[in-house]
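A quick write-up on the structure given underneath.
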Amino acid sequence: MNEIAVFWFRRDLRLTDNTGLYHALKNELRVLPIFIFDTDILEKLESKIDARVEFIHATVDSIKKTLQALGSDLHVYHNTPLDAFKQILKQYDIKAVYTNTDYEPAAIKRDAAIESFLAEHGITFKTFKDQVIFEKDEILNETGKPYRVYTPYKNKWLSKLASAPILPFPSETLQSNFIRTAPTAMPALSTLGFQKTNISIPPLQVIRKTITEYDKTRDFPYLENGTSLLGIHFRFGTISVREKVVKALPLNAVWLSELVWREFFMQILYHFPSVLTESFQSKFNVLQWRTSEDDFQKWCDGQTGYPLVDAGMRELNQTGHMHNRVRMVVASFLTKHLFIDWRWGEAYFAQKLLDYDASANNGNWQWAAGTGADAQPYFRIFNPTAQQQKFDPEFIYIKKWVPEFGTSSYIQPIIEHKAAVERAKKMFLVLKN
Ligand SMILES: Cc1cc2nc3c(=O)[nH]c(=O)nc-3n(C[C@H](O)[C@H](O)[C@H](O)COP(=O)(O)OP(=O)(O)OC[C@H]3O[C@@H](n4cnc5c(N)ncnc54)[C@H](O)[C@@H]3O)c2cc1C
C-alpha cells in the first residue's frame, strides 16, 4: 500500500480557500478526503427533522460530486470519529491526517482522543486555523490575558489585521493531488435517521449591496436583505471568513465588526469553557430564576401578547432564522420580563437556529441576560413596544408572522410591562447585598 494523507472536513465544507485542505494537498502524498457524519453528535439532536443536517448532507453530496468529476471521491462515514478512523486504517496506509481547528470544548476533547489514537499508529494529526482570522492566544491584552470586554478586543483585532495582510489558501488550485478512487455511495439522509424539512436555506448570495448599506439597514427586521443571512454559511464553512473580511474591509466597518463579535465570543468560549453552564460573571450565579414551564412554552410558541416577541419566535419556529434585533428583544423578554433562566432560551435557540453556534449563542444570551462579557447592564431592559415603534413602525414584520395581530383573536399580554420590569429589578437586587 502506498502512504497517503487524509483530509478530514468538519466545519469547513468547501473546496476553495480552505487552509487545512491546502496544506494537505501541498504535501508530497496523495490526499484522501473524508467526511464523518458523527453519530455522537447526530444522536443528541432531539428532532430527526433538522434543516442543519439536511444542509450538511446536501453540501457534502455536492463536494462528493465535484470530486467524483475529478476522478476522485469524498469518502463519507456514518460512525463515531474513532470507529471511522479504525475503518480507514484497515484500508489505507496513512502518514498524516490534516484538518482545521475546532475551538468548542466538545470538539477539543474529540480531537485530543483522535490525535492520541492516531499517534499510537505513528500517524501525525495536523490542525490549521481556518474558521477565524485570529485564534486562541493571538489577541491578548497588555498583561497577556484574554480580553473579557468586546471593544478593546476589537481594537486589538483591527490593529493586528492592519499589520498582517490576509492571505488566501488556494486549495482549489491543487485538486490534482487528490487520490484517485472508484466512486463510493453517499448515504441517504434517511440512512442517517433524518427526514427532509420544508425549511429553505438562505443561498450564498451576492451581498455587496447588503454589506455596503449594512449600518443603515441592519436593525429593521422587515427589510428583505437588511442583513447578509450568511450565518449558516459561516457556521459550516461553506464560505471562507478570510474572503468575507477582505470584501468587508473597504465596504462597511459595521459589518466587519459583526465578524469580530463572532471571533470575540469564540475566544471567550475557548478561554472560559465554563460559560456553557455558568454565568460568565460569577456573581450572577446567585440569581433565582423563575421556572415557569407555562410561561416558557408561551414564549417558545410566540404567544406572549407582545407582537414583536411573538413575530420573532414564530419566524424562528418556521424558518430557523430570526433577525438579530428581534433575537435581542425576545432574549431580553425571556430573561427580564419573564425572569426565566437564559440557559432555557439558549437551549431552545440551539435546537432551532440554522446558524446555531455554541459560542455566539451563549455569548449573546449571556449578554442579553446581563450575566455575560460586555453585559447589557441588568437595569437596561428592552421595552418590546418601544422596540417595535422604532424598528417595525408600520408593523410589516409583525403582520408577516402574526397575521391575527390587530384582530380580536390576538391574545392579551401575558405580563404587564411595568410590573415585569419592577420584578426583574427586584430580583437583581440580591447582587447589592
Ligand atoms: C440571543 C441571541 C442568540 C444568538 N445566537 C446566535 C447563534 O447561535 N449563532 C450565530 O451565528 N449568531 C447568533 N446570534 C448573533 C446574530 O443574531 C446572528 O449572527 C445574526 O442574526 C445572523 O444573521 P446574518 O447572517 O444575516 O448576520 P449579519 O448581520 O449579516 O452578520 C454577519 C455575520 O456576523 C456574525 N455575527 C453577527 N452578529 C453577531 C453577534 N452578535 N455575535 C456573534 N456573531 C455575530 C454572524 O456570523 C453573521 O452571520 C445571536 C444573537 C442573539 C441576540
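The values are calculated or read from the model by the stated rules, or taken from the named source; none is laboratory data. As the structure is a computational prediction, the values presented were derived from the model and not from experiment. Every residue, glycine as well, gets a Cβ built from its backbone with ideal geometry; the counts of neighbours run over all protein chains shown. Heavy atoms of the whole protein, side chains included, go into the accessibility calculation; ligands, DNA and RNA do not. Shrake-Rupley method; radii C 1.70, N 1.55, O 1.52, S 1.80 Å.
The requirement of being at positive phi, of a type outside the set (A, V, I, L, M) and open to solvent by less than 10 Å² (accessible area, probe 1.4 Å) is fulfilled somewhere in the range 327-342, by at least one residue. For the range 342-353, the criterion of being outside any helix (DSSP H, G or I) and within 19 Å of the chain's Cα centre (by Cα) is met by at least one residue. State whether one or more residues within the range 420-433 are buried (at least 18 other Cβ atoms within 10 Å of the Cβ) and more than 30 Å from Arg148 (Cβ to Cβ). No; the residues of the range 420-433 include none that is buried (at least 18 other Cβ atoms within 10 Å of the Cβ) and more than 30 Å from Arg148 (Cβ to Cβ). In this entry, Ala24 is excluded by the filter for residues that are surrounded by fewer than 23 Cβ atoms within 10 Å (Cβ to Cβ), part of a helix (DSSP H, G or I) and not hydroxyl-bearing (Ser, Thr, Tyr).
Are any of the residues in the range 346-353 among the basic types (Lys, Arg) and surrounded by 14 or more Cβ atoms within 10 Å (Cβ to Cβ)? The answer is yes, given that some residue of the range 346-353 is among the basic types (Lys, Arg) and surrounded by 14 or more Cβ atoms within 10 Å (Cβ to Cβ).
Every residue, every condition in (1) of a type in the set (Phe, Trp, Tyr); (2) more than 9 Å from the ligand (Cβ to nearest atom); (3) closer than 28 Å to Lys136 by Cα, yes or no:
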{"residue": "Tyr306", "(1), (2), (3)": "yes, yes, no"}
{"residue": "Trp344", "(1), (2), (3)": "yes, yes, no"}
{"residue": "Phe349", "(1), (2), (3)": "yes, no, yes"}
{"residue": "Leu353", "(1), (2), (3)": "no, no, yes"}
{"residue": "Thr371", "(1), (2), (3)": "no, yes, yes"}
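Residue count for the range 239-250 under the criterion of being away from the ligand (no atom under 12 Å from the Cβ) and open to solvent by 20 Å² or more (accessible area, probe 1.4 Å): the result is 4. Any residue in the range 27-41 that's assigned by TED's automatic domain parsing to the domain that holds His75 and part of a loop (DSSP other than H, G, I, E, B): show its pairings with residues that are modelled with pLDDT of 95 or more and β-branched (Val, Ile, Thr) at Cβ separation under 8 Å, as long as the two are six or more apart or on different chains. Note: pairs meeting the criteria are Leu29/Ile4; Arg30/Ile4; Arg30/Ile179. Determine if the range 193-206 includes at least one residue that is surrounded by fewer than 13 Cβ atoms within 10 Å (Cβ to Cβ) and more than 30 Å from Gln318 (Cα to Cα). No, the range 193-206 contains no residue that is surrounded by fewer than 13 Cβ atoms within 10 Å (Cβ to Cβ) and more than 30 Å from Gln318 (Cα to Cα). Being surrounded by 16 or more Cβ atoms within 10 Å (Cβ to Cβ), charged (D, E, K, R) and more than 18 Å from Gly302 (Cβ to Cβ) is a description that does not apply to Asp392.
Out of everything in the range 142-182 that is closer than 18 Å to Thr59 by Cβ and not hydroxyl-bearing (Ser, Thr, Tyr), what residue ends up being least open to solvent (accessible area, probe 1.4 Å)? Only one residue fits best here, namely Phe178. Between Phe264, Phe236, the distinction of being crowded, with 19+ Cβ neighbours inside 10 Å, within 20 Å of Glu346 (Cα to Cα) and in contact with a Phe, Trp or Tyr (Cβ under 6 Å, 6 or more places away or on another chain) belongs to Phe264 only. Cβ separations smaller than 8 Å between residues 6+ apart or across chains give the following pairs from the range 142-169 residues that are farther than 16 Å from Val241 by Cβ to residues that are open to solvent by 90 Å² or more (accessible area, probe 1.4 Å) and in a loop (DSSP other than H, G, I, E, B): Pro146/Asp137. Would it be correct to say that Gln366 is within 13 Å of the ligand (Cβ to nearest atom) and in contact with a Leu (Cβ under 7 Å, 6 or more places away or on another chain)? So Gln366 fails the test. Exactly one residue out of Leu223, Leu251, Leu204, Leu174 is touching a residue at least 24 places away in the same chain (Cβ under 8 Å) and within 23 Å of the chain's Cα centre (by Cα), and it is Leu204. Quick check, is Arg218 under 26 Å from Lys44 (Cβ atoms), near the ligand (Cβ under 8 Å from one of its atoms), in contact (Cβ under 8 Å) with a residue 60 or more places away in the chain and not hydrophobic (A, V, I, L, M, F, W, C)? Criteria not met by Arg218. Right, Asp73: surrounded by 16 or more Cβ atoms within 10 Å (Cβ to Cβ), of a type in the set (Asp, Glu) and within 29 Å of the chain's Cα centre (by Cα) or not? Judged against the criteria, Asp73 is a match. Taking the criterion of being open to solvent by less than 30 Å² (accessible area, probe 1.4 Å) and either in a helix (DSSP H, G or I) or near the ligand (Cβ under 8 Å from one of its atoms) (or both), the residues of the range 315-324 that qualify are Glu315, Leu316, Met322, His323. If the condition is being assigned to a loop (DSSP other than H, G, I, E, B), charged (D, E, K, R) and modelled with pLDDT of 95 or more, then the range 354-405 contributes Asp355, Asp357, Asp392, Glu394, Glu404. Annotation: Thr210 fulfils all but one of (1) away from the ligand (no atom under 12 Å from the Cβ); (2) assigned to a helix (DSSP H, G or I); the unmet one is (1).
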